[in-house]
Structures are given as structure tokens and as C-alpha cells.
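Below: one structure, written as C-alpha cells.
The values are calculated or read from the model by the stated rules, or taken from the named source; none is laboratory data. Since the model is a prediction, treat every value here as computed from it, not as a measurement. Using ideal geometry, Cβ is built from the backbone for each residue, glycine included, and neighbour counts are taken over all protein chains shown. To get the accessible areas, we keep the full protein, side chains included, count just its heavy atoms, and leave off ligands, DNA and RNA. Shrake-Rupley method; radii C 1.70, N 1.55, O 1.52, S 1.80 Å.
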Amino acid sequence: MNLSHKKVLITGGSAGIGKALIHELILHGVKEFAVVGRRQDKLEKLKVDFPQAEFILIAADVSQLEDVERIIKTVSTRWDHIDLLINNAGVISTGALQDLSDADIVNQININLTGLILLTKKSLPLLLKSKEAGLMNISSGLGYIAKPFYSVYAVTKAGVRHFSEAMRRELIFENIHVMTVYPTATDTDMMITAKMENMDSAELVAQKSIEGLLQKKIDVILGGEQRLKDVETNLNHPLEFDKNVKEKYKAYKTQTEHHRAM
Ligand SMILES: NC(=O)c1ccc[n+]([C@@H]2O[C@H](COP(=O)([O-])OP(=O)(O)OC[C@H]3O[C@@H](n4cnc5c(N)ncnc54)[C@H](OP(=O)(O)O)[C@@H]3O)[C@@H](O)[C@H]2O)c1
């Protein structure tokens, strides 16, 4: 896939991994972006940080149907097609299930999963007009391996994994490459309230994601060899993985006690 002259619609492009993806795409020659985020001030900063690119900035919440419709309306008045949709916007609220607020449960599902599905649905007519399109969904390592105290977040990310797989097959005769990215803990605003060390950088996630897009990979799994082994163990020997969870249970609990970025 040649990226120059591509038109990219990205959600959550005003911070973290999304912003790093914009930077990486600019390095590959992309100039035109439509960027979605809830806060206008964070979106406006993109124009200052990346003066070489053209931005359509859309302050919108992907979990709101009318906002999703407005996103597509705004984009379609300016562009006749979309080449790459990156569903990256996401939130997290962790802890024991009975301690999670009902609102955090509903909103995680609506932002991380329902919004992503609706935006994909409504972007498809424009993606199908591209000569060579891509759909990149940002899941998480937790989309492969569910860990204690991440129940709701993990289910949204497993949903993203399955949605990608279904769409890849549904679009098998179309010119749309469908791929999923599974970052491990990454040093962004989302992780400020998590107690974690040795995180990946957002730049690394962005580099691997775009490399994967160019190589037409269907899955980009961050976290190195150990993560790949863990995914395999969890799939084929889930009780083996449970033993490991038992040993680290307290650490998981402490790590997730105050982790919230909504
Ligand atoms: N950081 C990690 O360790 C990690 C690991 C695995 C997967 N991920 C996934 O990677 C993606 C990016 O995460 P990140 O770490 O870069 O997060 P981040 O730094 O918190 O950035 C999140 C971005 O999404 C936007 N956003 C959040 N809710 C939104 C909504 N309802 N509608 C529209 N935009 C919304 C935010 O802008 P506003 O707040 O202005 O809306 C911001 O631009 C997420 O899907 C996350 O689940 C992250």
C-alpha cells in the first residue's frame, strides 16, 4: 500500500497512540486527516504540532449515534472517499466487577466497541469508494488474554478482535485490508493512573502498526516473544495460564485499583 495521497479518518487522534499514528503516517507521506476526539482544545493542537498536514477536526463522542452520523456527514462534505479508517479511541476503568460503577461499564462498552462498530458501518460506503482501503482497529493484549480486574475493558477489546475477524471475512472480495493492533501497556495518558513500569512508547506502537499495514498483516501483536507465548498458552492451556494469575493475583489487584481513564 502506497500511503501518500491517502485520506485517513482516525478516532482518538488527539493524544497517545492515535497522535503517534498521525505522526508516523505523516512520515510516510500522508497529508490529509480527519480526526475525532471529544475535546476541541486537544484536537486544535494537532494543527500546531503538525503544520505540514491538513486536518478536518471533529469534536465528537464515538459512543453517541448522532455524533457518529455527524462525523460521516462532515467527512463526506469534504472528501468523496476514505482510504484508511483507524478506530483508535478508547477508555478504561478497571477493578473488581462489583466495584465498577454502572456508568463505567456501559460507557466502556459504548465507546470501545459500539462506537467502533457504528463508525465502521457508516464509513463503509466511503471506504468502498477507495481504490485501496484499510481498516485498522486498535484492540489490546487484553483482547487475547482476559486478566482479573479488567473484565469489562477486556470484553470490549475481545469484541474488537472478533469484529475485525468477521469484517475481514465479510469484506474478503473488497479492496479493504482489515487489520487489528494489540498494544501491550503503553506510556500514554490512559496509563497515568495505572501502576506500571517498562511500558512501550506510543511511537513504537505506531511504527509497528504502520509497518504491519504496509506488509498487509492482519494482526500486529505488541509485547514481544513472551506475549506470543502467553497468547498460545492461554488459547491451548487456559488452566496453565490461571496458575500464573494465581501467583500474580495481588499484583494485578494493586495495579488496577485506581486505573481509570474515561
Ligand atoms: N495505553 C495503553 O497501555 C494501551 C494498551 C492497549 C490498548 N490501548 C488502546 O489504544 C487506544 C489508544 O489509547 P491511548 O493509550 O492512546 O489513550 P489516550 O492517551 O487516553 O488517548 C485516547 C484518545 O481517544 C480519545 N477519546 C476517548 N474517548 C473518546 C470518545 N468517546 N469519542 C472520541 N474520542 C475519544 C481521546 O480524546 P478525548 O479525551 O478528547 O475524547 C484521546 O484522543 C485505545 O483504544 C486503548 O484502549 C492502549
For the charge dipole of the chain, defined by +1 on Lys and Arg C-beta atoms and -1 on Asp and Glu C-beta atoms about the Cα centroid, which residue among L204, Y150, Y249 has the Cα displaced farthest towards the positive pole?
L204
Could you tell me how many degrees, from 0 to 90 and to the nearest 10, lie between the Cα long axis of helix 151-170 and the main elongation axis, the longest principal axis, of the Cα atoms of the chain?
50
Quick one: helix 224-236 against the long Cα principal axis of the chain, what's the angle to the nearest 10°, folded into 0 to 90?
70
Net length gained if the chain between L27 and E54 were fully extended (0.36 nm per residue, minus Cα distance):
8.3 nm
Residues with amide H under 5 Å from that of I56, placed H, sequence gap 5 or more
F33, A34, V35
Return one whole number: the accessible area per residue of the range 7-261 in Å², for a 1.4 Å probe.
49
Under a crude label model (7 Å from the Cα following the beta-carbon direction), how far is M196 from Q226 in nanometres?
1.3
Non-local amide H neighbours of D219 (under 5 Å, H modeled in plane, Pro and chain starts lacking H): which ones?
T180
Whole-Hz Karplus ³J(HN,Hα) for the range 69-77, in order, using 6.51 cos²θ - 1.76 cosθ + 1.60 and θ = phi - 60°, x for Gly and Pro?
5, 5, 4, 5, 4, 4, 5, 6, 6
Only four residue types carry charge here, +1 at the Cβ of Lys and Arg and -1 at the Cβ of Asp and Glu. Report the dipole size of the range 7-261 about the Cα centre in Debye, rounded to the nearest 20.
180
Hey, got the dipole for the range 83-225? About the Cα centre, +1 on K and R Cβ, -1 on D and E Cβ, debye to the nearest 20?
520
Mean ellipticity per residue at 222 nm, deg cm²/dmol - from DSSP H runs of n ≥ 4 across the chain, formula -39500 (n - 2.57):
-15000 deg cm²/dmol
Sequence ranges 194-207, 175-188, ranked by mean other-Cβ count within 10 angstrom, highest first
175-188, 194-207
Assign one of three labels to the range 177-262, namely rounded, prolate or oblate, based on the Cα gyration tensor with a ≥ b ≥ c the square roots of its eigenvalues; rounded applies when a/c is under 1.5, prolate when it is not and a/b is larger than b/c, and oblate otherwise.
oblate
On C-alpha positions alone, give me the angle between the axis of helix 16-27 and the longest principal axis of the chain, in degrees, nearest 10.
40
Positive-end extreme of charge dipole, the chain - chosen from I176, I10, G90 (charges on Cβ):
I176
So, in nm, how far is label K121 from label E174 when the simple model puts each one 7 Å beyond its Cα toward the Cβ?
1.4
Amide H of G13 versus every other amide H placed in the peptide plane: which residues, excluding those fewer than 5 positions away on the same chain, fall under 5 Å?
V36
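Highest first, please rank the peptides 61-73, 87-99, 14-26 by the mean number of other Cβ atoms sitting within 10 Å of their residues.
So the order, starting with the most tightly packed, is 14-26, 87-99, 61-73.
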Computed Kirkwood radius, in angstrom, where 1/r is averaged over Cα pairs of the range 156-214
13.4
Please compute the Kirkwood hydrodynamic radius of the range 1-157 from all pairs of different C-alpha atoms, in Å with one decimal.
16.1
Candidates S76, S151, S209, ranked by Gaussian network fluctuation over the chain, Cα under 10 Å, top entry
S76
Only bridges with both residues in the chain count here: give the DSSP antiparallel percent, nearest 5.
5
Residue span D189 to A166: 0.36 nm per residue of separation minus Cα-Cα distance leaves a gain in nm of 5.2 nm
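With 31 Å as the cut-off, how large is the P(r) tail for the chain, expressed as percent of Cα-Cα pairs? Can you show the working numbers first?
Values: 7305 of 34191 pairs.
Cα-Cα pairs in the chain separated by more than 31 Å: 21 percent.
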Could you grab the relative contact order for the chain? Cα pairs under 8 Å, six or more apart, rounded to a whole percent.
21
Quick note, the range 120-192: a/c under 1.5 would make it rounded; otherwise a/b > b/c is prolate and the rest oblate (a ≥ b ≥ c, C-alpha gyration tensor); here it is prolate
Overall dimensions of the range 57-111 by Cα: Rg and Dmax, Å:
14.9, 47
Would you kindly derive the ³J(HN,Hα) couplings of the range 52-58 from the backbone phi angles with the Karplus curve 6.51 cos²θ - 1.76 cosθ + 1.60 (θ = phi - 60°), listing them in order in whole Hz, with x for Gly and Pro?
6, 9, 10, 10, 9, 9, 10
First compute the accessible area of the chain with a 1.4 Å probe, then give the percent of it belonging to carbon and sulfur atoms.
52
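Assuming 0.36 nm per residue, please report the length gained on full extension of the stretch M1 to L65 beyond their Cα-Cα distance.
Gain on stretching M1 to L65: 19.9 nm.
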